[in-house]
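For reference, the structure discussed in these notes is given below.
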Amino acid sequence: MTVECHSCGREFQVINLHYSKSQSCTYPDLTEEQHNLLIGLTMGDGCVQKARRDGGHASMTVSSTNERWLRWLFSRFGERLAVEPVLKSTGAELQENAAKYPKFDNSGGEWEYSDIYMLRIRAHPALTQIREEWYPDDTIRYPSTLDLNPTITKAWYCSDGGLSWSDREHAFAAFGTHNEADRAEFLCRLFRIHGFDPNWSEPLVRFDLDGTKQLLSWMGPAPPGFEYKWEHRSREQYDELKQEVTA
Ligand SMILES: [Zn+2]
């Protein structure tokens, strides 16, 4: 006894197995932009989680203090692929926890007590593929085949990048690298093959003044919530824009 798939018309003994394995019959296709965003988020604020059941697919949570950024991402994925961002924990709760567990590292300063929002990207075969490729031993490792493009880089920059100012007029873009800090050469090469020449200042991939301008323009316009990370001309403007989202 077989069942005909409504989508591809083929016959299957176990139709659910077909659906869970098929990329065309049950799951919406991703646009190129959506796929690139998933890669960039995996490098940054996103965490790819294993399937919750056999035959299921991996999903992603994206945590951030920047609610506007998560709302923008939600708008790029839509309800079929994502769940509207929710408040995950308030700054007050985080502060309370930190007080309860004095060993908790609070050296990062006040930001640790900001409200944290979470966007969930629904289970999808593309995430299973990313999970397999990017978490070889259950911890994240950027694959050696990784090739940046403007959208991937933008999602990574929003997550882990930013500008630092040497004075009121000179800003330099940099990416924090966390888990990949032992791969300086690999990280710099990701940019070099696209015509950039960043340097390594542990644990940051840093751009010079011209490189910063070139990078910001290559990535395209800032998404809502991160306009300040693109404002490299005026420190005053930068501070104002940043205040808007962190206040
Ligand atoms: Zn089918």
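Of all residues in segment 80-103, one or more are in the same structural domain as Glu132 (by TED's automatic domain parsing), modelled with pLDDT under 90, within 23 Å of Asn179 (Cα to Cα) and outside any strand (DSSP E or B). Scanning segment 31-72 for residues being assigned to a strand (DSSP E or B), open to solvent by less than 60 Å² (accessible area, probe 1.4 Å) and closer than 21 Å to Lys21 by Cα gives a total of 3.
Looking at this structure, is Trp111 closer than 22 Å to Cys158 by Cα, away from the ligand (no atom under 16 Å from the Cβ), modelled with pLDDT of 95 or more and not in a strand (DSSP E or B)? For Trp111, the condition - closer than 22 Å to Cys158 by Cα, away from the ligand (no atom under 16 Å from the Cβ), modelled with pLDDT of 95 or more and not in a strand (DSSP E or B) - is not met. Contact map, segment 49-63: residues that are assigned by TED's automatic domain parsing to the domain that holds Arg122 and at positive phi paired with residues that are at pLDDT below 95 and loosely packed, with under 15 Cβ neighbours inside 10 Å, Cβ distance under 7 Å, separation 6+ or inter-chain. Pairs shown: Gly55/Leu17.
Please determine whether any residue of segment 45-61 is at pLDDT below 95 and under 18 Å from Gly225 (Cβ atoms). Taking every residue of segment 45-61 in turn, at least one turns out to be at pLDDT below 95 and under 18 Å from Gly225 (Cβ atoms).
Inside segment 188-203, can you point out the residues that are among the hydrophobic types (A, V, I, L, M, F, W, C) and either in contact (Cβ under 8 Å) with a residue 24 or more places away in the chain or open to solvent by 70 Å² or more (accessible area, probe 1.4 Å) (or both)? Steps first, please.
Step one: list which residues in segment 188-203 are among the hydrophobic types (A, V, I, L, M, F, W, C), which gives 188, 190-191, 193, 196, 200.
Leu190, Phe191, Ile193, Trp200, listed by residue number.
For segment 121-197, give me every one of the helices (runs of 4 or more DSSP H) that falls completely inside it and has 2 or more residues that are closer than 30 Å to Thr26 by Cβ and touching a Gly at 6+ places or on another chain (Cβ under 7 Å). Please lay out each step first, then the result.
Numbers: elements: 125-134, 150-160, 184-192.
Of the helices (runs of 4 or more DSSP H) lying wholly inside segment 121-197, those with at least 2 residues that are closer than 30 Å to Thr26 by Cβ and touching a Gly at 6+ places or on another chain (Cβ under 7 Å) span 150-160.
Taking segment 204-223 as the range and being among the aliphatic types (A, V, I, L, M) and either open to solvent by 70 Å² or more (accessible area, probe 1.4 Å) or in a helix (DSSP H, G or I) (or both) as the test, the residues that pass are Leu209, Leu215, Leu216, Met219.
The values are calculated or read from the model by the stated rules, or taken from the named source; none is laboratory data. None of these values were measured; they are calculated from a predicted model. In this analysis, Cβ positions are derived from the backbone assuming ideal geometry, glycine residues included, and neighbour counts consider all displayed protein chains. Accessible surface areas use protein heavy atoms only, side chains included; no ligands, DNA or RNA. Shrake-Rupley method; radii C 1.70, N 1.55, O 1.52, S 1.80 Å.
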